[in-house]
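Let me begin by handing over the structure; questions about it come next.
The values are calculated or read from the model by the stated rules, or taken from the named source; none is laboratory data. Given the structure is predicted, the values throughout are model-derived calculations rather than measurements. Backbone-built Cβ (ideal geometry, glycine too); neighbour counts: all protein chains shown. Note: accessible area is taken over every heavy atom of the protein model, side chains too, but ligands, DNA and RNA are not part of it. Shrake-Rupley method; radii C 1.70, N 1.55, O 1.52, S 1.80 Å.
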2 protein chains.
Amino acid sequence: MLNAKKPLPFPEPTLSDADKKAMEEIGKQIQRAQLLNELSEIKRLEPIYEKRQQFVRKIPKFWITAMLRHAGLALDLKNEEDQRVLQSLVDIAVQRNQTEPRVYNLEFTFSQNPFFEDRILRKKYEFNESSTRKKESADREGFKWTMLDFDWDDDVKALPCKINWKPGKNLSKKYAKVVDEDGDIDELGSFFNWFESDGDAFDIYSQPAAIKMADELSFITGDNGSETTLSRSSTPPDIPHPPAPVVQIPGPLKYVYITFINSGHHTVTVSWEVSSGPTSATQTIQVPPRSEEFYPFEAGKEYELSFKKKRYNPYKEK
Amino acid sequence: MLNAKKPLPFPEPTLSDADKKAMEEIGKQIQRAQLLNELSEIKRLEPIYEKRQQFVRKIPKFWITAMLRHAGLALDLKNEEDQRVLQSLVDIAVQRNQTEPRVYNLEFTFSQNPFFEDRILRKKYEFNESSTRKKESADREGFKWTMLDFDWDDDVKALPCKINWKPGKNLSKKYAKVVDEDGDIDELGSFFNWFESDGDAFDIYSQPAAIKMADELSFITGDNGSETTLSRSSTPPDIPHPPAPVVQIPGPLKYVYITFINSGHHTVTVSWEVSSGPTSATQTIQVPPRSEEFYPFEAGKEYELSFKKKRYNPYKEK
């Protein structure tokens, strides 16, 4: 058995405390530059995204199409009634927080529909600025060191939004969220639970919906026209996009690119089973948060895929 | 059996050709903004990296330590003589290409050593600007549309650098590169083959060495002081960093974070075997390029890890 700690072939270099401090300072300067750059990218992209948003509004059923073809979201839009309401979704607007542009509200505009009275549903993400951050004054570039401490989970709270359902049409009740004894969500139910609940069960914040979903427009413009699932293949370009839950791989051994969109609070278990061909096998893997992966699939076989989403808790014992 | 293509619950939206063109235009504007932002980040970080570089020069054996503790590189620095020469490496400088700042040369400065006469070894990456790009004039922000076509593999050539070895000291010969019948590299041999060969067998370009390796300084400054391997654990924070190839997981079920640094031209196969405890099992996964992953490991067991690096060719049949 090998040693747990492989020593260096020379004495371990050590740094004086002053040097350590100097290095930490440089590390912070790097983080500062990266954050300022992130913020400038948000600004740079904003007018272009706005232009796109206006364009997209003209395309009938754009949003429901993008959502049904969006990696991840499609999984959560299984019920027909959700799909029917979302056909009347005409716009999703992103409103960035003035103090912290990494935080934004999402404003969903609907045309008249048989389900609720509202024309606008707002999912608000409330940014709680710490008192130390409030006190710190920004430098010339608008930067505060406390901005590096920003953490979505700690500093942002997703607020519920009341929906004025028409009589007998409350989809959040009809398709209720199912929570297990640990408080983990077993079944998300109607998409509209996302508006009406505290928190962000669909992890839309990590997408963010209006930006990322509109990127799915390529599914309409043709490049990815046949995509319907949470998985997509990227190499080689001649494999059809694998639809879940059954995938038929036509060529030789292929790698299939699967994208999982989740926020870092879930693990996804993907099982696949070879349901035809000479062999039969089951494989289950745990897919980490924010994952994009190549998975090997074998040609001429069918794969039955099943996906289970579970809130991620690395501290929880099995 | 389900249909391969799941239809939308309404007629497929279609776009007019004019609309498609307009959307493509917006898509290109987004790419332009992102690239300009990438270039401005390079500029913003340059003076900070230079400061760090000067600081790092004062730390004895900084570079060899960073390399031996660098995810990926450590794997390729197995022979003692490579390690001995690299103890005389005092500086790695990044020199960016004026025309295409995404391309750079790496200049390795050595103190006197018993192996070669040179004080400087240069790994040059030659950027071949296309004639269409040459012809296009840049806009006010220095942007050309042809810049979006930049592709490292197609547009950049890594050049060999002659090393003036002292008699009997040629490590590139002593530890030669082994290439299989398909031209794939089976064994990288001495690190100095990287200088003396065409191309970039160690995929340093994707790191880029001087920037990313200096980030490994945290391994010296203490945070990651016990790290010696290509794998690292990130959650929960109390697991010791798993050393390869044998990992002993002390706590309950844990996720171990493994980082693979490779360029997109390799797949890495990781196999692990539970070598103690009530069960015994082997698992092999294919790890995609540029991968950082959580893998589940079980407590109180030992895992034997083995890694196989193979040039990636998705079109190749098995």
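Determine, for each peptide in B:167-180, B:104-117, B:126-139, the mean count of other beta carbons within 10 angstrom over its residues, then list the peptides with the highest first.
Top to bottom by mean Cβ count within 10 Å: B:104-117, B:167-180, B:126-139.
Now for a separate question. Probe radius 1.4 Å, ligands and nucleic acids left out: which of B:194, B:152 has the largest accessible area, and how do the rest follow?
Of B:194, B:152, the descending order of accessible area is B:152, B:194.
Related question: What average number of partner chain Cβ atoms lie no more than 10 Å from the Cβ of the residues making up B:79-86?
1
Please report, in Å, the Rg and the Dmax of the range A:1-158, where both are computed over Cα atoms only.
According to the Cα coordinates of the range A:1-158, Rg and Dmax are 23.4, 75 Å.
A further question on this structure: Probe radius 1.4 Å, ligands and nucleic acids left out: can you give me the accessible area buried at the B-A interface, summed over both chains, in Å² to the nearest hundred?
Interface between B and A: roughly 6700 Å².
In nm, one decimal, shortest first: how far is the label point of residue B:131 (7 Å from Cα along Cα to beta carbon) from the matching points in the other copies?
7.0
Between copies, how close do the residue B:28 label points come, placed 7 Å along Cα→Cβ, listed in nm from shortest?
Once sorted, the set of distances for residue B:28 reads 4.5 nm.
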